[in-house]
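Only one structure is covered here, and it is reproduced in the block below.
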Amino acid sequence: MNNLGFEELGRMILGQDPLPSPLSPALCGELRFLLRLDQEAFRRVLEEQRNPQETFLSFCLMMAGELREQYRLSGISDTVWQDTFSDIAIWSRRYRRETGKTGLAQYGWLCHHLTMELFRLGRLQFQPGGLDQPVELEGKTYPMGSPVLWVHIPGGEPLTPEGCRDSYRQAAEFFRSEHPVFACESWLLSPVLPKLLGADSNILAFQRDYTVFALHPESRQAEERIFGRVLDDPAGYPEDTSLQRAAKAWLLKGEKIPAASGLYCYK
């Protein structure tokens, strides 16, 4: 773990949160081998453990320690390493809030971090990939498979326009692309949100950079993110924030808050 003991590494990433038990070298080696080779087998081995979620948290911490040196060899700063793996703390705290236990449940999502497919640069996360459909934008056609940087928005901090601009700038430098095309699929791009938020909303400022090319009407990501869970009856949702109150009133009318996909051509 790059000369860091398990407890030291855990404190660096999780702060004062409870630490999981470290894995045996044999189990860690098996999971490391399967991580890239066979994600289904990787998940099966996790599920066979006495506590799969705690096992996965421990594995994520151990892999983060091993990848620190790989980051350095690739010319990536310790700041990017620590920011990227701060997602472990974000999701482990959510798991603790929901279950009262120590662990992680986001197997598929956090594997992107462990395979160096995703990096957090400032406020936003970026993942190189391709479009899954052709897109027409500003008179230009982007065929299916066109290279884009997929944008993900980690929780825990305000989504300020200044923070986003700095992240896009960092991404252009990090991926050595003068005019990258950013793609995002999120509830934050929902066309319903202007009806629920004030004009000075940070979320609407984020939206304005993107041109929406697809809606996902069956997605309930907005409810999960706004209320922390998805209920069959929206009457049970809390009303602690202005967004929760507006979203709940909208849902109680039988309306939906679809997610959307959009592109942002950085210049």
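None of the figures in this text is laboratory data; all of them are computed from the coordinates on show. Quick caveat, the model's predicted, so the values are computed rather than measured. As a convention, Cβ positions derive from the backbone with ideal geometry for all residues, glycine included, and neighbour counts pool all protein chains shown.
Hey, can you grab everything whose amide H is under 5 Å from the amide H of residue 148? Only 5+ residues off in sequence or another chain; H modelled, so Pro and N-termini drop out.
Here 129, 130, 131 satisfy the definition.
What share of Cα pairs, in percent, lie more than 35 angstrom apart in the chain? Show your work: numbers first, answer last.
Values: 7746 of 35511 pairs.
The answer is 22 percent, as a whole percent.
Compute the relative contact order of region 118-267 as a whole-number percentage, counting only Cα pairs closer than 8 Å that sit 6 or more residues apart in sequence.
The normalised contact order for region 118-267 reaches 26 percent.
Can you return the aspartates and glutamates within cross-link range of residue 267? Criterion is Cα-Cα under 19 Å, with same-chain partners fewer than 8 residues away left out.
Output for residue 267: 136, 138, 162, 166, 173, 178, 209.
Of 84, 115, how do they rank once you tally other Cβ atoms within 10 Å and put the fewest first?
Working: 84 23, 115 13.
Least to most surrounded, the residues fall as 115, 84.
When only DSSP loop residues count, what GluC sites (Glu not before Pro) in region 44-136 have their Cβ near at most 13 other Cβ atoms within 10 Å?
On the way: sites: 47, 48, 54, 66, 69, 98, 117, 136; in loops: 48, 117.
Listed in order of number, the matching sites are 48, 117.
Calculated from DSSP H runs of 4 or more alone, at -39500 (n - 2.57) each and per residue, what is the 222 nm mean residue ellipticity of the chain, nearest 500?
Numbers: 10 runs with 122 residues, N = 267.
After summing the helix terms and dividing by the residues of the chain, the value is -14000 deg cm²/dmol.
Any chance you could run the full-extension gain for residue 74 through residue 26? It's 0.36 nm times the residue separation minus the Cα-Cα distance, nm to one decimal. Each step should come with its number before you reach the end.
Values: separation 48, 0.36 × 48 = 17.28 nm, distance 2.73 nm.
This chain segment gains 14.6 nm when fully extended.
Express the relative contact order of region 95-141 as a whole percentage, based on alpha carbon pairs under 8 Å and six or more residues apart in sequence.
Working: 21 pairs, mean separation 7.6, N = 47.
About 16 percent, as a whole number.
Please compute, over every Cα-Cα pair in region 118-267, the percentage with a separation greater than 26 angstrom. Could you put the intermediate results ahead of the total?
Values: 3137 of 11175 pairs.
Percent of Cα pairs beyond 26 Å in region 118-267: 28.
Convert each backbone phi in region 66-76 into a coupling constant with the Karplus relation 6.51 cos²θ - 1.76 cosθ + 1.60 (shift: θ = phi - 60°), then list the ³J(HN,Hα) values in order as whole Hz, x for Gly and Pro.
Here the 3J(HN,Hα) series is 5, 6, 4, 5, 5, 4, 4, 5, 8, x, 9 Hz.
What number, in percent, do you get for the relative contact order of the chain if the mean sequence gap of Cα pairs under 8 Å and at least 6 apart is divided by its residue count? Display every interim value, and only then the final one.
Values: 373 pairs, mean separation 38.6, N = 267.
Relative contact order here is 14 percent.
Where both residues lie in region 118-267, what percent of DSSP beta bridges are antiparallel, nearest 5? Please list the in-between numbers first.
Numbers: 23 of 25 bridges.
Of the beta bridges lying entirely in region 118-267, close to 90 percent run antiparallel.
In whole Hz and in residue order, list the ³J(HN,Hα) couplings for region 103-119 that follow from phi through the Karplus curve 6.51 cos²θ - 1.76 cosθ + 1.60, θ = phi - 60°; x for Gly and Pro.
Along region 103-119, the couplings run x, 9, 10, 8, 4, x, 5, 6, 5, 4, 5, 6, 9, 6, 9, 9, 9 Hz.
What percent of all Cα-Cα pairs in region 1-114 falls in each 5 Å bin, counting up from 0?
Final binned percentages: 2, 12, 24, 26, 21, 12, 3, 0.
What are the ³J(HN,Hα) couplings of region 214-221, residue after residue, when phi is run through the Karplus curve with 6.51, -1.76, 1.60 and θ = phi - 60°? Round to Hz, x for glycine and proline.
In residue order, the calculated couplings are 7, 10, 10, x, 8, 5, 10, 4 Hz.
Return the lysines within reach of residue 256: Cα separation strictly under 18 angstrom, same-chain partners fewer than 8 residues apart disregarded; answer none if there are no such residues.
In chain and number order, the partners are 195, 248.
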